[in-house]
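The numbers here are math on the coordinates, done by the rules we state, and not lab data. Since this is a predicted model, take the numbers as computed values, not measurements. Methodologically, a virtual Cβ is constructed for each residue, glycine included, from the backbone with ideal geometry; neighbour enumeration extends over all protein chains shown.
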Amino acid sequence: MYFWKLTFDNDHGMTEAYQGSAENNATAFADLLAEARAVYKARPDVRAHPCQLGVDEDRFVPYVFVTTASSVLLDDDVLIERIKDAIDQRRSQADNYRRELEASRIRRQQSEARATPARGSVTAEWNRIASWSENCVPDWNAEFVTPSEDAWRHYAEATGIAWTPTLAEFYTVQNGTPGTMITPLGPFFSLDEMLYFRKMMLEAWADQPDDGAGDAGAFQSRFVKEFIPIAGSPDSVLVVDLRPGDARGSLGLYHGEDGLDSSPNWNDPGAFLADLASKLEGGGTFLSIWHPRVVDGQLEWPLDD
């Protein structure tokens, strides 16, 4: 059985979905195109908006071909070829991700087979978090991909700031924790998310007076280029402070327009992960207001009573 699905956006900002099934691939494509063209011709409110089309042998049909609504008027052969190309591209991406995931698992196993890292190091404390999570939060890291050992170098160069060894190590043991509230502020950012969020924050402050970044650990109201965000939102973000000074490499909370606190919360990423690991293992209060709790297999951080 082959399943097809298509969606159109309309003038009201809503997405409308249509779907069906057929005994063979050719009939599924024919039914998909007939439905798409019928909706396009009968509904002027969808003609200026995107549509998505897909056919698959599974019940889940990815929206593999995203295009303008008028594309449904292309010749059958052209439109079907574009949809098939999109399907092949999606499958290739999925295959590449599975290969990288498997390579990541192998690297993790090889890392675990090496000498046990010193307590307090980024790697050792991350291993504590991983061990606790694997025991208490089922499938917590099923989708995590560990970066290669030098992947961080490209991203460090993109920031234009020299990274501390512990920040570099932080992005060799993990590359984001999608879907898992590993901190009360949210998942860790991947390297890509870190760059995007940092760019967004710097642009938000671009038109404000610049009085200089100051020294590491000192109060700073602006979001400056020496801040490397690793988790959070524009309202409250966890940053590694790479400004010059004795506190360089420390971690603190940047609270939107209230700025970065004048004293670091942790000396480096290893100390931060050690604190986090201890709270997960012992159930203590984190940052004085949150405590970890596992509910229905998910890690939550309710405010402390």
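Values computed for the structure shown
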quantity	calculated
Residue exposure sequence - LEU6, LEU202, LEU191, LEU185 - by fewest surrounding Cβ within 10 Å	LEU202, LEU191, LEU185, LEU6
Rounded FRET efficiency, nearest 0.05, which uses the C-beta distance separating ALA34 from ASP210 and R0 of 45 Å	0.15
Estimated [θ] at 222 nm from DSSP helical runs (n ≥ 4, -39500 (n - 2.57)) normalised by residues in the chain, nearest 500	-13000 deg cm²/dmol
Relative contact order of segment 118-300, pairs being alpha-carbon contacts under 8 Å that are 6 or more residues apart, as %	22
Between 0 and 90°, nearest 10: helix 76-113 axis offset from the chain longest Cα axis	30
Computed over the chain: relative contact order in percent, which uses C-alpha pairs under 8 Å that are six or more apart	12
Computed E for GLN89/GLU157 - FRET, C-beta separation, R0 35 angstrom, nearest 0.05	0.75
Fraction of the pair-distance distribution of the chain above 31 Å, Cα-Cα pairs, percent	48
Over segment 118-300, volume per residue of the alpha carbon convex hull, in Å³	112
Neighbour cut-off at most 10 other Cβ (10 Å), DSSP loop, chymotrypsin sites (Phe, Trp or Tyr not before Pro), segment 23-73	PHE60
0 to 90° range, to nearest 10: angle between helix 25-42 axis and the chain longest Cα axis	90
Solvent-free Debye scattering, log10 I(q)/I(0), computed from the Cα coordinates of segment 35-92 at q = 0.13, 0.20, 0.21, 0.29 Å⁻¹	-0.34, -0.75, -0.82, -1.23
